[in-house]
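Working notes, structure below.
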Amino acid sequence: MSQKKTRQAATAARGGGVSKGVCAFIALLAFFLGGYAGSLVTKHYGGGGGGAAAEQQVPKEIAAQIRHAEEHSRQEPGKAEVWIDLGNLYYDTHQHTKAITAYERALAIKPRNADVLTDMGTMYLAEGQPQKAVECFDKAIAVNPSHQNSQLNKGFALLDMGRKDDARTAWQKLLQINPKVTLKDGTPLTRLVQDLSKP
């Protein structure tokens, strides 16, 4: 499977680090849902952080690919694909802010790319900016109403903002598109929706 296809298949399951606010919300969510959803969301977004710490941990061969892509972006700044490739490398190495900047450059050239909008939203979510993430996911859904990763990630961003009912609604829309959606750990999304429906 190509690196791009792997990223798109795992967009919702990655997202890099988790802000302190997200951790506090996860703890509150875990309390209300008996611990199940709390562990699920933690597994979904993982630990770790982005930014300079992530940049220092990049393997040498990936760092070389990033340097090459950065040089390519200077040589051909008008090509969206160049910025997407660079953004994807930053995404994969948890350099959230740099990924967002590269994706913004790509979208300035080709604004109707649901995959890039979704990846950018995921990076905003990893940076602890769930409102900006939702805006990206909504734009991706406007471009492609059946974009499953956008719907799934939108639900997690809404949960991050404490909007449990809106998260459930986003996921119910996704389940209308694909009733067999499962999370990274194999948990069916229907189970999470049912847990969110409990009083």
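The values are calculated or read from the model by the stated rules, or taken from the named source; none is laboratory data. Values in this document were obtained by computation on a predicted structure and should not be read as measured data. As a convention, Cβ positions derive from the backbone with ideal geometry for all residues, glycine included, and neighbour counts pool all protein chains shown. Ligands, DNA and RNA are excluded from the accessible area calculation, which covers all protein heavy atoms including side chains. Shrake-Rupley method; radii C 1.70, N 1.55, O 1.52, S 1.80 Å.
Overview of results
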| quantity | calculated |
| --- | --- |
| Separation in nanometres of the label points that stand 7 Å from Cα toward Cβ, at Gln131 and Thr182 | 3.7 nm |
| Pairwise Lys count, the stretch 67-178 - Cα closer than 15 Å, eight or more residues apart or different chains | 7 |
| Extension gain (nm, one decimal) between Gln172 and Ile62, 0.36 nm per residue minus Cα-Cα | 35.8 nm |
| Length added when fully stretched, Lys198-Glu70, from 0.36 nm per residue minus Cα-Cα | 41.2 nm |
| Protein-only accessible surface order, largest first, of Arg163, Arg191 at 1.4 Å | Arg191, Arg163 |
| Expected-Rg normalisation [2.2 N^0.38 Å, Cα atoms] applied to the stretch 131-199 | 1.03 |
| Heavy atoms of Asp138 accessible to a 1.4 Å probe, total area in Å² rounded to 10 | 70 Å² |
